[in-house]
Amino acid sequence: MYPVERWAYANRLGRRHPAEKLALAGGMLLLSLTLPAYPGAMLIAGVMAVAAVGVAGISPAAYLRMLRVPAGFVLAGAAAMAVSVAPGRDGWHVALSPEGVAVAASTALRSLAAVCSMSFLALTTPVAELVGLARRWPRLGTAAEVALLVHRFLNVLAGTLTAMRVAQESRLGYASPRQAYRSLAALAACLLPRALDRAHRLERGLAARGYQGGLPVLPSARRPLSFAALAGILALELVVAALGACLGGRGAWPM
Amino acid sequence: MHIMEGFLPVSHAVGWSLAAAPFVAHSAGAIRRQMRERPGSKLLMGASGGFCFVLSALKLPSVTGSCSHPTGTGLGAVLFGPPAMTLIGSIVLLFQALLLAHGGLTTLGANVFSMAIAGPWVAFAAYRLARRAGASPAVAIFLAAALGDLATYVTTSVQLALAFPDPAGGFEGAVVKFMTVFALTQVPLAVSEGLLSVLVMNALAAHNRPELQELGVFPKEGVAG
């Protein structure tokens, strides 16, 4: 089980209706893209960090670990943006441009705010409940059921893969690059037939219980959708939007 | 190459989602028809998606010594076909965003376009053309995986360049800039992913011919591949 998923079940907001958490994270995602990056993005990042660590009770270390990988990618992408490349008379020129730096800084801030919002959603809402929301729409029903099956299989297969990898490593399967390629290829080639075999076994088991193509499941025990909570979330988003829009434009950076 | 959460402006995020939507809808429709004939194919799709997700999380030793993740688009397109790969890839990208924080929800449309549409179709076309031109299966798989990988990063470069044109060099300057960043890191990876895909297919063809026939990679009657 991925550590994210363990938190998604075991946090203080775990039993709340997924639509409430989706409204908060989705609204903040939208705001992080539309508000002026300075100071709006910082405001959003702060609010979402408080929501995750303070309200949902996610450990700060787990939250930071979730942010670490995307933050690295964001900084690398922003570094490429800060540099300007243009065709000149004697070939291409590379320079550090002030506009480029401004765009890079605001994009990095925006992206960081969005990552904070998305991490809140991932750490507080189990995947099964989030995808389960989409099942009610008939057009999305099939895709949602396939997504739930993918989620089930990826957890099962991750366990198989770890066991196979340990077996390979304990036989020096990754001692040299050449050996590592062979081992990785064997890993993938052994995993595919096992994955297909699992699907067949599941199919036989379901067929024995009258499987016609539908996969009904019981909803998990959780509180019903609270309109008071939704109203509170909407109010919070309006306050953040108003603050971000008022304070924006007076900041140090253009945009 | 994933575009991170919140990296694209709203108009671009919406635009790429709209561009990807017809492909995903076509893929979902094809799969729904297939499921009506054979209910078990839904489970097969689930297993294939799980397989793609788990493989994409593997670390691949690169020629330059660094490590990165295979995109798996080439192998997936040859094994499952591009229409199925579009829906499977979109679901895998959603879970990569939620479980691994790779990519994002706002950039899902752009990432689906580069990794679940452009990559698989280019890989599949390369595989078919190479086979028709008389290339051996190994060469065809290598070309499919390497070109599929390259197609995803060219698409990503264009997506980033459209969103962030260079202040001095404009769109072309930005394309050159992002392409050089990715070319340095991704070309060795495309080659290593091509090699790995050949090894995987060799092992599958040697030991798991019935499974490959079930997926439709090889014809049903035992023809030497």
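The values are calculated or read from the model by the stated rules, or taken from the named source; none is laboratory data. Quick caveat: nothing in here was measured; it's all calculated off a predicted structure. All Cβ positions, even for glycine, are placed from backbone atoms using ideal geometry, and neighbour counts span all protein chains on display. These accessible areas exclude ligands, DNA and RNA; they are computed on the full protein's heavy atoms, side chains included. Shrake-Rupley method; radii C 1.70, N 1.55, O 1.52, S 1.80 Å.
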Meets criteria (part of a helix (DSSP H, G or I), within 27 Å of A:T124 (Cβ to Cβ) and either open to solvent by less than 90 Å² (accessible area, probe 1.4 Å) or free of Cβ contacts under 8 Å to residues at least 12 places away in the same chain (or both)) for A:L196: no
Exclusive hit being modelled with pLDDT of 90 or more, loosely packed, with under 11 Cβ neighbours inside 10 Å and either in a loop (DSSP other than H, G, I, E, B) or more than 8 Å from chain B (Cβ to nearest Cβ) (or both), set A:A221, A:A235: A:A235
Top-ranked residue in the stretch B:160-212 [being outside any helix (DSSP H, G or I) and touching a helix residue (DSSP H, G or I) at 6+ places or on another chain (Cβ under 6 Å); ranked as least open to solvent (accessible area, probe 1.4 Å)]: B:D166
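Going residue by residue through the stretch A:172-191, is there one that turns out to be within 30 Å of A:T125 (Cα to Cα), of a type in the set (A, V, I, L, M, F, W, C), free of Cβ contacts under 8 Å to residues at least 12 places away in the same chain and not in a loop (DSSP other than H, G, I, E, B)?
No: zero hits.
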Yes/no for A:A228 being open to solvent by 70 Å² or more (accessible area, probe 1.4 Å) and part of a helix (DSSP H, G or I): yes
Hits in the stretch B:23-62 - residues which are surrounded by fewer than 19 Cβ atoms within 10 Å (Cβ to Cβ), at the interface with another protein chain (Cβ under 7 Å from one of its Cβ atoms) and assigned to a helix (DSSP H, G or I): B:R32
Residue satisfying condition, being in a strand (DSSP E or B) and free of Cβ contacts under 8 Å to residues at least 24 places away in the same chain, within set A:V94, A:V150: A:V94
Output for the stretch A:80-112, where each listed residue is under 24 Å from the mean Cα position of the chain (by Cα) and surrounded by fewer than 22 Cβ atoms within 10 Å (Cβ to Cβ): A:A80, A:A104, A:A105, A:S106
Selection from the stretch A:14-36 of residues that are outside any helix (DSSP H, G or I), open to solvent by 30 Å² or more (accessible area, probe 1.4 Å) and under 19 Å from B:P9 (Cβ atoms): A:P36
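Buried (at least 16 other Cβ atoms within 10 Å of the Cβ), modelled with pLDDT of 90 or more and touching a Gly at 6+ places or on another chain (Cβ under 6 Å), is that true of B:F142?
yes
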Some residue of the stretch A:129-151 being facing chain B (nearest Cβ under 8 Å), open to solvent by 60 Å² or more (accessible area, probe 1.4 Å) and modelled with pLDDT of 90 or more: no
Conditions (1) in contact with a Leu (Cβ under 9 Å, 6 or more places away or on another chain); (2) assigned to a helix (DSSP H, G or I); (3) open to solvent by less than 10 Å² (accessible area, probe 1.4 Å); (4) more than 8 Å from chain A (Cβ to nearest Cβ): number failed by B:G103: (2)
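Only one of B:F178, B:F171 is free of Cβ contacts under 8 Å to residues at least 24 places away in the same chain, within 9 Å of another protein chain (Cβ to nearest Cβ) and either acidic (D, E) or farther than 17 Å from B:S48 by Cβ (or both). Can you tell me which?
When all the criteria are applied, what remains is B:F178.
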Subset of the stretch A:153-171 (residues that are more than 11 Å from every other protein chain (Cβ to nearest Cβ), small (G, A, S) and part of a helix (DSSP H, G or I)): A:A163, A:A167
Verdict on A:R209 being outside any helix (DSSP H, G or I) and more than 30 Å from the chain's Cα centre (by Cα): yes
Every residue from the stretch B:188-221 that is at pLDDT 85 or above and of a type in the set (D, E, K, R): B:E193, B:R209
Failed condition for B:A133, given (1) out of contact with any Phe, Trp or Tyr (no Cβ under 9 Å at 6 or more places or on another chain); (2) within 14 Å of chain A (Cβ to nearest Cβ): (2)
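Residues are listed down the side, and each one gets a yes or a no for (1) at pLDDT 90 or above; (2) surrounded by 16 or more Cβ atoms within 10 Å (Cβ to Cβ):
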| position | (1), (2) |
| --- | --- |
| A:L172 | yes, no |
| A:A186 | yes, yes |
| A:L191 | yes, yes |
| A:R204 | yes, no |
| A:A208 | yes, no |
| A:Y211 | no, yes |
Residue in the stretch A:40-58 that is modelled with pLDDT under 90 and part of a helix (DSSP H, G or I) present: yes
